[in-house]
Every structure is written in structure tokens, then in C-alpha cells.
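Okay, so here's the structure we're looking at.
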Amino acid sequence: MQITATTFSGLEEILAKEITALGGQETQIHKRAVTFSGDKKIIYRCIYELRTALRIFLPFHTFKTKHENHLYKKIREVDWTAIMDLDDTFAINGTTSSKYITHSKYLALKTKDAIVDQFRTKFDGRRLSVDRDNPDHRLNVHLSYDNVCTLSWDVSGATLNRRGYRTATGEAPINEVLAAGIVLSSNWQRDCDFIDPMCGSGTFLMEAAMYAYNIPPQINRKEFGFMRYKDFDRALWQEVKREADARIIDFPYKILGFDKDFSAVKAARLNILAGNMDGKIEVERGDLLKLNPETASGIVLMNPPYDERLRVADVNAFYKDIGHALKHNFTGFDAWIITANIKAMKQLGLKPSSKKILFNGALECQLAHYELYRGSK
Ligand SMILES: C[S@@+](CC[C@H](N)C(=O)[O-])C[C@H]1O[C@@H](n2cnc3c(N)ncnc32)[C@H](O)[C@@H]1O
């Protein structure tokens, strides 16, 4: 089967590596997506085990189109009544890069109209209904810049960042998939302590800990889109879960989180409990500027306030202080910082050994690596 996994801009290569490791074949990297081939077991493995995928699509129909009426006609040519029943519910998500049909919502609406009209014609005015939150069928319609329209089933259901552990949020939580991608980008070999000194609701801590112990990212989630389909193979799904759960390993180092705000500490602790990770992560109230790690080396990864959603009185001075604390208290560590405030980042006074562009929502960010053991001043 042809399969498409979507992700955030900048994480495509990491996602492709993850897919190959799970047995996906013929991987090809696209903008915010990786296409590959595999059987049903690979699909189930990808849904259960990929850390950096947002959705998994199974494309089933393509055609070229440049006009809304033609799009409507081509959609009606598919026999939808053979795939979906009258009392089923469905939802459509549209994305477009075409210059002819430029609005994603309009693309989805036209597609929905064509499907609904086919049902109405065949069943005396009766039609199946839309359920945006919990549909039986999730259809994705994508129109590329070269006007190829691809129809796919979204077999993930709700996006895969919904791991099932986020019960409490801090003030500006990072997306779980983005956090996992950043942890994997850090090339951490799971061979030292991991510290997030500005942990907020603990997203990096959870993703780092699941990676450290090789815990499947969806171990706590119970529902996925593919379970609603007629060809759902429950025995195969159980097998995939059993095999992945058997690969969980021990991790002899520490995963530590700090935040100066006690409500963030509380939120992180709640999420750790909800994700069944208690005992694997420690979170304390603490100020990065006064923090002294117990070990001589490790990974320190953080997402400081950007002065966007989370305001800072003097953001340049704040970043200068962060740089000072890292230089003096974290010598021997590898530091990774993601921020959208590039101007403030320059105030760190540290020379990055690598930089990468990522998006946190709509905000363009830089993820920078500082090798503090090399005296990178
Ligand atoms: C952007 S949020 C981090 C969000 C987090 N990555 C998550 O997913 O929830 C930044 C956090 O830094 C914390 N913070 C700000 N200054 C700090 C300091 N000096 N020491 C420790 N934490 C600090 C804030 O309280 C806030 O929770």
C-alpha cells in the first residue's frame, strides 16, 4: 500500500528515518510529509510507534483539476455509496497549494457537496452526515501546486500529537510531535541525563522519557481512525502493540524538569501521572538562573518564553542571563534552545554549532545547538 505520513516543516528527514526503521519502503521526502509503501502491519506500527508523525493517510484516488466544477464532477465519479453507508458519519479536511483553488475550506466544501449530492440522488434525498469531531470516516483532499488532487483516508483519527497524557497545560505548551522531533534532532544517544530547566507542562520531559525508555508514543491512547474501518484487524493491532511494548528498555540516567512557576510544575506532574511516567521523570520548582546540575555532562533542552504568548519584561536581558547560566553552570553539557525570538537569542552570547528552522504553530523558530564543553563563547 502507498502511505503518507505528515509532520511539521523541518522534521521530514527525521520522520523518514523513523519510518525506515519501522520497515517502511521506498520513502520519499516531501514538504511536511513523507510517502512510503508498506503493508497493514507497517501502517499499524507507524501509528503506534512514530514519534514525529502528525497523521497517516492512505491515498486511494488522484486526478488533475484546475476548476471547482471539474473537481466536483471528478469527486462524484467515485462510488462513495460503495464505501460509506447512509448512517455513517464523515469529516473532510482540505489542503491546497494550487493557484486555481486557493482556499482549503472551499476545497473541502466542494468535495463534501459532491459526496452528499451523490447520496441524495441515490437515496431519495437522504444523505450521510458530517461529524467533525468523531467521524466514522476521515477524508483528506489535497490539491498540489501542480493541480494533482489526491483523496486519502486519514487512518490516524485525531492527530497523533494527542498521545493521551496532556491533561494539564502550561501557558505556552509546545506540540508533542514538535517536542519529539526536537528531542530526536538533538542526536541524544540516551547515554546521559536530560534536563529541561523551563519545562512548563512537561512536554519535552514526556517525549524525552518515552524515547529514553523506548516507550511507544501512543501507549496511552485508545482510539485511532483505522479502528472504525471494516478491515480493522484487531489481532494484528494487538500483535503490533505487544511487540512494540516488549521493546521497552531500561534507562539508567535521569530525566529532570524545573520551572520557576509552581503552576507549571503542577501541570507537568499531572501530565507525568496521566502518561504513567511517574518514577521516570522528576520535576521541581527551580529557577534556571540559579540551577546547578548534579552531573558533569548531559543534555539541556529548553523552550524559553519568546516574549510573544509569554511576555518577558526585558527579553534581551533575560536571554543574556540564560546564556550566562548555561556558560557557568552547565559546562560539559550539550544545550539545545528553541525560540522564535532570534534577536534575543543573539544575547545568549554563545556560538551555536548548528541551527535549524522549525515552526511552533505559525511562529518561525530556530533550534540552536550549543556545545558548552567546547568553550563556545
Ligand atoms: C514557553 S514555556 C515552556 C513550555 C513547555 N515547553 C511546554 O511544553 O509546556 C516557558 C516556561 O519557562 C518558565 N520560565 C521562565 N523563566 C524561567 C526561569 N528563570 N527558570 C525556570 N523557568 C522559567 C515559564 O514559567 C514557562 O513555564
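Along each principal axis, taking the top coordinate minus the bottom one, the Cα set of segment 2-154 gives 50, 34, 24 Å in descending order.
Which percent, nearest 5, of DSSP beta bridges in segment 2-154 are antiparallel? Don't skip to the answer; put the middle values down first.
Working: 24 of 33 bridges.
So the antiparallel bridges in segment 2-154 amount to around 75 percent.
Taking Cβ atoms as reference points and 15 Å as the exclusive limit, the residues near residue 65 contribute a net charge of +3, counting Lys and Arg as +1 and Asp and Glu as -1.
Dipole of segment 143-233 computed with +1 at Lys/Arg Cβ and -1 at Asp/Glu Cβ about the Cα centre; of 156, 227, 174, farthest Cα towards the positive end is 227.
With contacts taken as Cα pairs under 8 Å and at least 6 residues apart, segment 2-154 reaches a relative contact order of 24 percent. When peptides 74-83, 212-221 are ranked by their average number of other Cβ atoms within 10 Å per residue, the highest-first order is 212-221, 74-83. Taking the charge dipole of segment 2-154 about its Cα centre, with +1 at Lys and Arg Cβ atoms and -1 at Asp and Glu Cβ atoms, the residue from 103, 90, 50 reaching farthest to the positive side is 103.
Hey, which of these cross-link pairs are over 32 Å Cα-Cα: 105/351; 290/355; 64/241; 66/241; 31/112; 122/230?
Numbers: 105/351 44 Å; 290/355 27 Å; 64/241 39 Å; 66/241 43 Å; 31/112 26 Å; 122/230 22 Å.
From 105/351; 290/355; 64/241; 66/241; 31/112; 122/230, over 32 Å: 105/351; 64/241; 66/241.
Segment 194-239 and segment 294-369 have Cα centres separated by 27 Å. Relative contact order of the chain: 15 percent, from C-alpha pairs under 8 Å at least 6 residues apart in sequence. Relative to its residue count, segment 211-308 spans a Cα convex hull of 151 Å³ per residue. The Rg/Rh ratio of the chain, with both radii computed over alpha carbons and Rh defined as the Kirkwood radius, is 1.02.
No lab work stands behind these numbers, since they all come straight from the coordinates. What you see is a predicted model, and the numbers here were worked out from it, not measured in a lab. Counting neighbours? That spans all protein chains shown, and the Cβs are built from the backbone with ideal geometry, glycine included.
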